[in-house]
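Participant: So that we are looking at the same thing, I have put the structure below in structure tokens.
Readers should treat all values here as calculations from the given coordinates under stated rules, not as data from a laboratory. Just so it is clear, the model here is predicted, and its values are computed rather than measured. Note that each Cβ is placed from the backbone with ideal geometry, even for glycine, and that neighbours are counted across all protein chains shown.
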Amino acid sequence: MQEQHFLTTIFNEKNFTQEQLTHVLSQYQRMEFAKNDFLVKENTTAGFYYFMQTGYARSYAIDLEGNDISTKFFSTGDIVIDWHSYFLKTKCRENIQAITPCVAWKITFENFMKLFNIEAFREVGRTRLVNNYFELKNHTVSVIADPAKDRYLNLLASKPDIIQNVPLKQIATYLGITDTSLSRIRKEIADTK
């Protein structure tokens, strides 16, 4: 029952008829991932997207020098997806990997498309897609235009749970800095308190 309650926080009951909501929820399958399991692997085509119920995951790519660079973090309520691969059936360029044990709810592309005739379902998807785009755009511009300390403080303000649950090395690559620089920034902030 608690799992069903989690999905109804995503698909607000007042926007769906009971029949629609039952149908939507029946298309999702509960999955458990251990720490370091992959939800999506580079060079494969994403066949699922997930709603994260518990735990933390991240997407990352390997740069030209072989460095592992975090591109996004996922936590409770987030859609875990490689948008491009899932919708256009292209190969993924990133990995999405569990940082902690995770519980997530997956849906296949085929079942997703079957639900697309439900207006409230389309609206949830549209809203999530737009929010993801703005988050990505803001992060991209921030890495270019904001000082590293400001990037860290913004992440701390908007997603303090990420700071508390994700290894600092992964946070540093997400912020576009070295882990040494991140340690210095954290020390500087702690010293001013």
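Participant: Among (1) free of Cβ contacts under 8 Å to residues at least 40 places away in the same chain; (2) surrounded by fewer than 17 Cβ atoms within 10 Å (Cβ to Cβ); (3) not hydroxyl-bearing (Ser, Thr, Tyr), there is one condition ASP78 misses while meeting the rest; what is its number?
Facilitator: So ASP78 meets the others, but not (2).
Participant: Just the residues that are in a loop (DSSP other than H, G, I, E, B) and either within 15 Å of the chain's Cα centre (by Cα) or of a type in the set (S, T, N, Q) (or both), please, taken from the stretch 11-22.
Facilitator: So in the stretch 11-22, the residues in a loop (DSSP other than H, G, I, E, B) come out as 11-12, 16-17.
Selection gives ASN12, THR17.
Participant: So for the stretch 3-13 (the condition being over 26 Å from PHE116 (Cα atoms) and in contact (Cβ under 8 Å) with a residue 12 or more places away in the chain), does at least one residue qualify?
Facilitator: Residues of the stretch 3-13 over 26 Å from PHE116 (Cα atoms): none.
Looking for residues that are over 26 Å from PHE116 (Cα atoms) and in contact (Cβ under 8 Å) with a residue 12 or more places away in the chain, one finds none in the stretch 3-13, hence no.
Participant: Has the stretch 107-126 got at least one residue that is of a type in the set (D, E, K, R), over 28 Å from LEU25 (Cα atoms) and loosely packed, with under 15 Cβ neighbours inside 10 Å?
Facilitator: To start, the set of residues in the stretch 107-126 that are of a type in the set (D, E, K, R) comprises 110, 114, 119, 122-123, 126.
Now restrict to residues that are over 28 Å from LEU25 (Cα atoms): none.
Checked the stretch 107-126: no residue is of a type in the set (D, E, K, R), over 28 Å from LEU25 (Cα atoms) and loosely packed, with under 15 Cβ neighbours inside 10 Å.
Participant: Restricting attention to the stretch 151-193, which residues are surrounded by 14 or more Cβ atoms within 10 Å (Cβ to Cβ), charged (D, E, K, R) and under 26 Å from THR76 (Cα atoms)?
Facilitator: Those that are surrounded by 14 or more Cβ atoms within 10 Å (Cβ to Cβ), charged (D, E, K, R) and under 26 Å from THR76 (Cα atoms): ARG151, LYS159, ASP179, ARG186.
Participant: Filter the stretch 31-53 down to the residues that are hydroxyl-bearing (Ser, Thr, Tyr) and either exposed (fewer than 14 other Cβ atoms within 10 Å of the Cβ) or within 22 Å of THR100 (Cα to Cα) (or both) and list them by number. Explain how you work it out, then say what you get.
Facilitator: Of the stretch 31-53, the ones hydroxyl-bearing (Ser, Thr, Tyr) are 44-45, 49-50.
Of everything in the stretch 31-53, those that are hydroxyl-bearing (Ser, Thr, Tyr) and either exposed (fewer than 14 other Cβ atoms within 10 Å of the Cβ) or within 22 Å of THR100 (Cα to Cα) (or both) turn out to be THR44, TYR49, TYR50.
Participant: Looking at TYR28, TYR56, TYR60, can you tell me which residue is of a type in the set (Ser, Thr, Tyr), farther than 17 Å from GLN170 by Cβ and surrounded by 15 or more Cβ atoms within 10 Å (Cβ to Cβ)? Can you show your working first?
Facilitator: Working: TYR56 fails: farther than 17 Å from GLN170 by Cβ; TYR60 fails: farther than 17 Å from GLN170 by Cβ.
Criteria check complete, one pass: TYR28.
Participant: Continuing with the same structure: So which residues in the stretch 158-169 are part of a helix (DSSP H, G or I) and in contact (Cβ under 8 Å) with a residue 60 or more places away in the chain? Walk me through how you get there before you give the answer.
Facilitator: Taking the stretch 158-169 and keeping what is part of a helix (DSSP H, G or I), we get 158, 160-165, 168-169.
The answer is ASP161, ILE162, ASN165.
Participant: Restricting attention to the stretch 126-157, report how many residues are more than 14 Å from the chain's Cα centre (by Cα) and either not in a helix (DSSP H, G or I) or not aliphatic (A, V, I, L, M) (or both).
Facilitator: 13
Participant: Of the residues ILE69, ILE81, which is farther than 19 Å from ASN111 by Cα and of a type in the set (Val, Ile, Thr)? Walk me through it before giving the result.
Facilitator: Working: ILE81 fails: farther than 19 Å from ASN111 by Cα.
Exactly one of ILE69, ILE81 is farther than 19 Å from ASN111 by Cα and of a type in the set (Val, Ile, Thr), namely ILE69.
Participant: Kindly provide the set of residues from the stretch 28-53 that are part of a strand (DSSP E or B) and of a type in the set (D, E, K, R), ordered by number.
Facilitator: Let us first name the residues in the stretch 28-53 that are part of a strand (DSSP E or B), namely 29-33, 38-40, 45, 48-53.
Matches in the stretch 28-53: ARG30, GLU32.
Participant: Is it the case that some residue within the stretch 100-119 is touching a residue at least 60 places away in the same chain (Cβ under 8 Å) and among the charged types (D, E, K, R)?
Facilitator: Pass one, the stretch 100-119, residues touching a residue at least 60 places away in the same chain (Cβ under 8 Å): 100-109, 111-112, 114-115, 118.
Next cut, among the charged types (D, E, K, R) only: 106, 114.
Yes.
Participant: Does VAL143 satisfy being among the aliphatic types (A, V, I, L, M) and in contact with a strand residue (DSSP E or B) (Cβ under 9 Å, 6 or more places away or on another chain)? Let's see the steps before the verdict.
Facilitator: Numbers: among the aliphatic types (A, V, I, L, M): yes; in contact with a strand residue (DSSP E or B) (Cβ under 9 Å, 6 or more places away or on another chain): no.
So VAL143 fails the test.
Participant: Still on this structure, please answer the following. Which of the residues spanning the stretch 82-97 are surrounded by 17 or more Cβ atoms within 10 Å (Cβ to Cβ) and in contact with a helix residue (DSSP H, G or I) (Cβ under 8 Å, 6 or more places away or on another chain)?
Facilitator: Filtering the stretch 82-97 down to residues surrounded by 17 or more Cβ atoms within 10 Å (Cβ to Cβ) leaves 82, 85-86, 92, 94-97.
TYR86, CYS92, listed by residue number.
Participant: Quick check, is LEU25 among the hydrophobic types (A, V, I, L, M, F, W, C), closer than 30 Å to ALA120 by Cα and not in a strand (DSSP E or B)?
Facilitator: Values: among the hydrophobic types (A, V, I, L, M, F, W, C): yes; closer than 30 Å to ALA120 by Cα: yes; not in a strand (DSSP E or B): yes.
Considered against the rule, which asks whether it is among the hydrophobic types (A, V, I, L, M, F, W, C), closer than 30 Å to ALA120 by Cα and not in a strand (DSSP E or B), LEU25 comes out as yes.
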